[in-house]
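To start, the structure under review is shown below, and the notes come after it.
Each value in this text was obtained by applying a stated rule to the coordinates, not by laboratory testing. Predicted model only: the values in this text are computed from it and were never measured. With ideal geometry, Cβ positions are generated from the backbone for all residues, glycine too; neighbour counts draw on all protein chains shown.
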Ligand code: GZL
């Protein structure tokens with residue numbers, strides 16, 4: 001019995017002993033809130049101690065949080081980087097302290113050796129799927145598009161724009177006539193959509209491409225207040241697959257969304273535990289899957305199921 005305990009305890013203790021610092025961007029969108037919920041659940045299930053820091057979407061707060069985690073001597077750091085640049089210095093400090101950093105849902109323009117792995121979707125592909133959906137929906141008809149971009153300088157805003165533009169490049173009937181950041185929030189999505197509607201001749205906007213559902217939901221409000229029918233007068237394609245996007249599609253007020261899983265922490269913590277256990281180095285990119293949802297799907301059933309997941 002004693003021999004058995006001698007073997008089991010160190011393994012159990014190892015999992016239970018781990019302390020992981022998590023620098024989260026904020027709670028700017030329903031998807032972000034779900035990612036936080038799932039990450040806390042994943043840590044709890046694994047017996048990890050998670051130190052959580054909300055940066056209210058400010059990079060300086062994330063850098064401060066990372067320095068705090070380093071000073072505390074955490075075993076590892078999870079970082080959802082609000083923007084892509086400005087991380088080299090603090091990531092070097094983590095490396096010098098031999099604390100592995102794993103990126104969640106966004107990437108950074110820093111040398112790959114400064115982080116263990118990045119767990120993200122293929123953000124360019126998401127933009128391309130959105131663009132291809134509109135190419136198919138318009139089938140050659142002229143369509144003037146407005147675009148609500150995500151947070152300026154963030155990898156999803158850069159890559160989702162790039163993918164969408166690549167997908168429509170060979171279709172001159174599709175043209176982006178206005179493009180501005182709504183910072184991934186409902187409130188800003190509404191404000192910027194109002195400005196688009198005021199700036200453009202009535203009835204001249206054919207479609208909205210929003211880099212996330214929260215901005216699309218805000219824009220839907222603005223479109224209704226302008227006396228137009230979202231999903232019909234203005235087609236709407238977006239990304240995340242939050243419950244309210246499925247509800248809007250079920251009501252005919254939105255046309256398509258590309259699902260982003262909120263569970264980035266599962267693959268991240270699997271890779272971390274393997275690395276800490278026996279030095280197994282994960283690939284620098286662990287890709288999560290994306291899936292297109294349209295009116296053809298049972299959006300009410302998906303809404304009911306997803307709204308229990310902490311969005
Ligand atoms: C994308 C992620 C984005 C979500 C938004 O990977 O970083 O951030 O699409 C969130 O909802 O604000």
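Relative contact order of the chain, please, whole-number percent, based on alpha carbon pairs below 8 angstrom and at least 6 residues apart.
It rounds to 17 percent for the chain.
Which of 183, 213, 278 ends up with the largest GNM mean-square fluctuation for the chain, with Cα atoms connected below 10 Å?
Comparing 183, 213, 278 in a Gaussian network model of the chain, the most mobile one is 278.
Normalised by the empirical 2.2 N^0.38 Å for globular proteins, what value does the Cα Rg of the chain take?
Compactness ratio reported: 1.09.
Of 41, 89, 24, which is the most mobile in a GNM of the chain whose springs link Cα atoms less than 10 angstrom apart?
Among 41, 89, 24, the largest mean-square fluctuation in the Gaussian network model of the chain belongs to 89.
Taking the Cα atoms only, what angle lies between the long axis of helix 30-45 and the longest principal axis of the chain, rounded to 10 degrees?
On a 0 to 90 degree scale, this one is about 20.
At a Förster radius of 30 Å, what calculated FRET efficiency corresponds to the Cβ-Cβ distance of residue 232 and residue 287, to the nearest 0.05?
Details: r = 35 Å, r/R0 = 1.16.
It comes to 0.30.
For a footprinting-style exposure proxy, rank 79, 114, 91 by other Cβ within 10 Å, fewest first.
Values: 79 30, 114 17, 91 23.
If I rank by nearby Cβ atoms, fewest first, I get 114, 91, 79.
For the range 44-164, report the % of Cα-Cα distances exceeding 20 Å.
Values: 3684 of 7260 pairs.
Percentage above 20 Å: 51.
Please work out the ratio of the alpha-carbon Rg of the range 136-221 to 2.2 N^0.38 Å and round it to two decimals.
Numbers: Rg = 12.4 Å, N = 86, 2.2 N^0.38 = 12.0 Å.
Ratio of Rg to 2.2 N^0.38 Å for the range 136-221: 1.04.
If neighbour count is taken as other Cβ atoms inside 10 Å, put 289, 194, 92 in order from fewest to most. Mind showing how you got there, number by number?
Details: 289 10, 194 17, 92 14.
So the ranking, lowest neighbour count to highest, is 289, 92, 194.
Quick one: what does P(r) look like for the range 166-311 with 5 Å bins over all Cα pairs, in whole %?
2, 9, 16, 18, 16, 13, 9, 7, 5, 3, 2, 1, 0
Which of 250, 128, 281 ends up with the largest GNM mean-square fluctuation for the chain, with Cα atoms connected below 10 Å?
281
How do 290, 27, 238 line up, fewest other C-beta atoms within 10 Å first? Spell out each step's value before the answer.
Numbers: 290 17, 27 14, 238 31.
With the fewest neighbours first, 290, 27, 238 line up as 27, 290, 238.
Using 0.36 nm times the number of residues separating residue 40 and residue 295, minus their current alpha carbon distance, what extension gain do you get? Don't jump to the answer; show the numbers that get you there.
On the way: separation 255, 0.36 × 255 = 91.80 nm, distance 3.25 nm.
Between residue 40 and residue 295, full extension yields 88.6 nm more.
For the chain, what is the percent of antiparallel DSSP beta bridges, rounded to the nearest 5? The partial results should precede the final answer.
Details: 5 of 44 bridges.
If we restrict to bridges inside the chain, about 10 percent are antiparallel.
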